[in-house]
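See structure below.
The values are calculated or read from the model by the stated rules, or taken from the named source; none is laboratory data. For clarity, every value in this text was computed on a predicted model and none was experimentally measured. Virtual Cβ from ideal backbone geometry, glycine too; neighbours counted across all protein chains shown. Accessible surface areas use protein heavy atoms only, side chains included; no ligands, DNA or RNA. Shrake-Rupley method; radii C 1.70, N 1.55, O 1.52, S 1.80 Å.
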Amino acid sequence: MASNSNEILHEFSPLMQVYKDGRVERLVGKDVVAASVDQETGVESKDVQISQELDISARLYLPKKAKQGTKLPLLVYFHGGGFFVESAFSPFYHTYLNAVVAEADLVAVSVNYCLAPEHPLPIAYEDSWIALQWVASHSNGEGPETWLRGYADFDRLFLGGDSAGGNIAHNMALKVGLGMLKGVNVEGIFLNCPYFWGKEPVGSEATRLEKKGHLEASSFLCRSYVEATWHFVYPNTTGLDDPLLNPVMEPNLSRLGCRRVLVCVAEKDILKDRGWFYKEALEKSEWAGDVEVAGEDHVFNLFFPMGENAVSLLKKLASFINGNGV
């Protein structure tokens, strides 16, 4: 048995390796930073436990300008990482949410959901929905969290996320549209390089080469990689056209529970055509989304937060949230 200890069962480099003896080795996304008062932006953050039993938690952010009696937009954010790496407490997401909160002058809740393979899908969706319900429980002036009771405007609630988190934000908005959340108005959703896919290739997906080696940062995101990870994180999925992964197959897409949608895609990302495809599907359902084709690679703004395109995207998001355009 010892001879199998280093034999790899599932290879998802550069993100994760799963060994035949059951060990899971995450190669990225393990670092965490403490909640704090950010020295650059003045944004304050703190951590809360939403469900001790289910191990669902979140990091809350409050802008420096927050004043009692003044209600601010509320952003519920879902981190990316393919459903199996990263957390709401990572340096990438902590830095990013500090910047968003400062730029858009809002209250943010960054959800920490359980990860596959220890917790396969649909657990991440279930955790995220529980977290969203917890947020909504403060809309009547009750609920345990003073920052939400004191500063959040529940008539200006936004959902957002990148990659797998964008997928989650979309699916949460669908549940809202089906009348499953009371006490809040989800004004809009922001999807950054959302993790959508499907059985039939669209756009440039059909010509994307199955390469390995010295390529751009997210070149591991070839078709076989994307498809293998989906089946890995969701063993009981109906397949690549599962509506959770392929929103075009969702019969209730026209009931998306928000008024505005902002989809941003990255020029070199294999997922970019799905972002455009999603926009087109929404437009056919009488949804007018705005797709920003910019940047160097998948979720580029997290890896290069001070780059010109990342700063532009940050300002675009702030404008979207504050009602200055889609």
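Could you compute the FRET efficiency for GLU308 and ASP21, with r as their C-beta to C-beta distance and R0 at 45 Å, rounded to 0.05?
Computed FRET efficiency for GLU308 and ASP21: 0.45.
Give me the net charge for the shell around TYR96: Cβ to Cβ below 12 angstrom, other residues only, Lys and Arg +1, Asp and Glu -1.
On the way: positive: ARG59; negative: ASP38, GLU86, GLU103, ASP162.
After counting each charged neighbour, the total is -3.
Does anyone have the angle between helix 272-284 and the longest principal axis of the chain? Alpha-carbon axes, 0 to 90°, nearest 10?
50
So for the chain, taking the charge dipole from beta-carbon charges (+1 Lys/Arg, -1 Asp/Glu), which of ALA58, ASN140, LEU240 sits furthest toward the positive end?
It is ASN140.
So if each residue of separation counts as 0.36 nm, and I subtract the Cα-Cα distance between GLU227 and GLN39, what length gain in nm does that give?
Contour length minus the Cα-Cα distance gives 63.6 nm.
If the only charges are +1 at each Lys and Arg Cβ and -1 at each Asp and Glu Cβ, what is the size of the charge dipole of region 15-63 around the Cα centre, to the nearest 20 debye?
Approximately 240 debye in magnitude.
Which entry in [x] 27; [y] 30; [z] 36 is this structure's computed percent of Cα pairs over 31 Å apart?
Entry [x].
Would you mind telling me the antiparallel percentage of the DSSP bridges in the chain, rounded to 5?
The antiparallel proportion sits near 45 percent.
Tell me the angle of helix 123-136 to the major Cα principal axis of the chain, expressed in degrees between 0 and 90 and rounded to the nearest ten.
0
Checking the a/c ratio against 1.5 first, then a/b against b/c, what shape does the Cα gyration tensor give for region 1-133? Walk me through the intermediate numbers first.
On the way: a/c = 3.16, a/b = 2.12, b/c = 1.49.
Taking the square roots of the gyration eigenvalues as a ≥ b ≥ c, region 1-133 is prolate.
Given Cβ point charges of +1 (Lys, Arg) and -1 (Asp, Glu) and nothing else, what value in debye, to the nearest 20, does the dipole of the chain about its Cα centre take? Could you put the intermediate results ahead of the total?
Values: 29 positive and 42 negative charges, 116 e Å.
Taking the Cα centre of the chain as origin, the dipole is about 560 debye.
How large is Rg/Rh for region 250-290, to two decimals, with Cα atoms and a Kirkwood Rh?
0.99
How much length, in nm to one decimal, is gained on full extension between ASN140 and ALA206, taken as 0.36 nm per residue of separation minus their Cα-Cα distance?
Separation in residues times 0.36 nm, less the Cα-Cα distance, equals 18.8 nm.
Stretched out fully, how many nm does the piece from GLU11 to ASP31 gain, at 0.36 nm a residue minus the Cα gap? Write out the running numbers ahead of the final one.
Numbers: separation 20, 0.36 × 20 = 7.20 nm, distance 2.11 nm.
Stretched out fully, the GLU11 to ASP31 stretch lengthens by 5.1 nm.
What net charge do the residues around TRP147 carry, taking every other residue with its C-beta under 13 Å from that of TRP147, with Lys and Arg at +1 and Asp and Glu at -1?
Working: positive: LYS46, ARG59, LYS67, LYS71, ARG149; negative: GLU44, ASP47, GLU145, ASP153.
Here the count lands on +1.
Net charge near GLU25, counting Lys/Arg +1 and Asp/Glu -1 over other residues with Cβ under 14 Å of its Cβ? Don't jump to the answer; show the numbers that get you there.
On the way: positive: LYS20, ARG23, ARG26, LYS30; negative: GLU7, GLU11, ASP21, GLU118.
Around GLU25, the surrounding residues sum to 0.
Tell me, what is the per residue accessible area of the chain in Å², probe radius 1.4 Å?
Per-residue accessible area for the chain comes out at 44 Å².
Set the bar at 20 Å for Cα to Cα. Now go through LYS284/LYS315; LYS30/LYS65; LYS65/LYS315; LYS199/LYS279 and name every pair that lies beyond it. It would help to have the intermediate numbers written out before the result.
Working: LYS284/LYS315 28 Å; LYS30/LYS65 32 Å; LYS65/LYS315 18 Å; LYS199/LYS279 18 Å.
With Cα atoms farther than 20 Å apart: LYS284/LYS315; LYS30/LYS65.
Given a 1.4 Å probe and heavy atoms of the protein chains only, how would you sort GLU86, GLU267, largest accessible area at the top?
Values: GLU86 25, GLU267 110 Å².
Result, largest first: GLU267, GLU86.
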